[in-house]
1. Just checking, which of 148, 117 is of a type in the set (D, E, K, R), surrounded by 15 or more Cβ atoms within 10 Å (Cβ to Cβ) and in contact (Cβ under 8 Å) with a residue 40 or more places away in the chain?
2. Against the definition (free of Cβ contacts under 8 Å to residues at least 12 places away in the same chain, assigned by TED's automatic domain parsing to the domain that holds residue 219, surrounded by fewer than 21 Cβ atoms within 10 Å (Cβ to Cβ) and out of contact with any Ser or Thr (no Cβ under 8 Å at 6 or more places or on another chain)), how does residue 153 come out, yes or no?
3. Looking at (1) closer than 26 Å to residue 172 by Cα; (2) surrounded by fewer than 15 Cβ atoms within 10 Å (Cβ to Cβ); (3) modelled with pLDDT of 85 or more, which is the one condition that is false for residue 48?
4. Residues that are at pLDDT 85 or above, at least 1 per element: which helices (runs of 4 or more DSSP H) completely within the range 213-327 meet that?
5. With the requirement that a residue be under 19 Å from residue 98 (Cα atoms) and within 15 Å of the chain's Cα centre (by Cα), what does the range 140-162 give you?
6. Please tell me if residue 165 is under 19 Å from the mean Cα position of the chain (by Cα) and either among the hydrophobic types (A, V, I, L, M, F, W, C) or assigned to a loop (DSSP other than H, G, I, E, B) (or both).
7. Any idea which residue in the range 77-94 is surrounded by the most Cβ atoms within 10 Å (Cβ to Cβ), counting only those that are out of contact with any Lys or Arg (no Cβ under 8 Å at 6 or more places or on another chain) and under 27 Å from residue 128 (Cα atoms)?
Amino acid sequence: MGEVLSQSEIDNLLAALSSGELDADQMPDSNEKQVKDYDFKRPTKFSKEHLRTLEIIFEHYGRLLSTNLPVYLRQNVQVAVTSSETVIFSEFSNALSNPLILGIADFQPLGGTILIELACNLGFAMIDRMLGGHGDPLEKNREFSEIEMIIIEKMLVVCMQLMREPWKNVADINPVLERIETNSQFAQIIAPNDMIAIVTLSIKLGDVEGLMNICLPFFTLESVMDKLNTRYWYANIQEKAEEDYAEYIESLIRRVDVPIKAVLGRSRISVTDFVNLQVGDIIRLDSNVDQDLNVYVGNIKKFAALPGSDKDKYAVRVTSVYREGEE
């Protein structure tokens, strides 16, 4: 779509033509084709469609980070995708500073590696939170100690594992963290002229804000490039959503811990008797031995059961189920 002029710009253009300041013969022909230089040393391997799909994938990834990282850091985490671009690897590596946090991961089964660069201020803030602090970054960056690197490695492993779900519509991946580099000189694992896509995430940990750069080489994603388009991505989501939704919900419910209690009976005693209870004392309940017990799921009376034992543990045998509305 061509550039659209505002009314004031049109008026100024007409005034310049009428006053002779602008010659109509010198104006460029709108039908003239614009020629764009093509650099054969840097062929375009990632289209805008590819970058847009990567942004969608990592928007989902950002939501997972903001949900799961607070479990470890006990602090609110906000994540947003800020940009995506394609460059050659030498431009990315030349922009790295020392020290840095650079995770190198095997992007199985795609047969290549990806890089995750985490801002040092975020790394020190995470370490401070994991060790019981307020999550304050250092005023001046320094080298990481061995203990600090173990903590950072744990956090990056968590970040790697969270990539599985966002990539499911493209490929079933299992990223494995190979190592962490703190010196950019040891990060030359890709040819300098190889094309890479960089997706940048902005992470806010409390009052500390920094960037996470995910470097995705073309040769790593080459086998799935046809799937990195929004049409395929959304179509795949719709098919899987209908098939797997019920199974997914059921799997989530199965992992939920539900408190269950069987009430043997109730009794009223004075505070004095309660304080003076000794081993061997008998408390008379309001239920008989052969009477069914009420079994509660949470605070809802759900079953009637008889008391007993299973090997060396107490147990109950369900005799009836209370339906909704029944007492």
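1. None of the other options fit; the residue is 117.
2. Against the criterion (free of Cβ contacts under 8 Å to residues at least 12 places away in the same chain, assigned by TED's automatic domain parsing to the domain that holds residue 219, surrounded by fewer than 21 Cβ atoms within 10 Å (Cβ to Cβ) and out of contact with any Ser or Thr (no Cβ under 8 Å at 6 or more places or on another chain)), residue 153 does not qualify.
3. (3)
4. 218-221, 271-275
5. Matches in the range 140-162: 156 only.
6. yes
7. Looking at the filtered set, the residue picked out is 81.
The values are calculated or read from the model by the stated rules, or taken from the named source; none is laboratory data. This one's a predicted model, so the numbers in the text were calculated from it and none came from an experiment. Cβ atoms come from the backbone with ideal geometry, glycine included; neighbour counts cover every protein chain shown.
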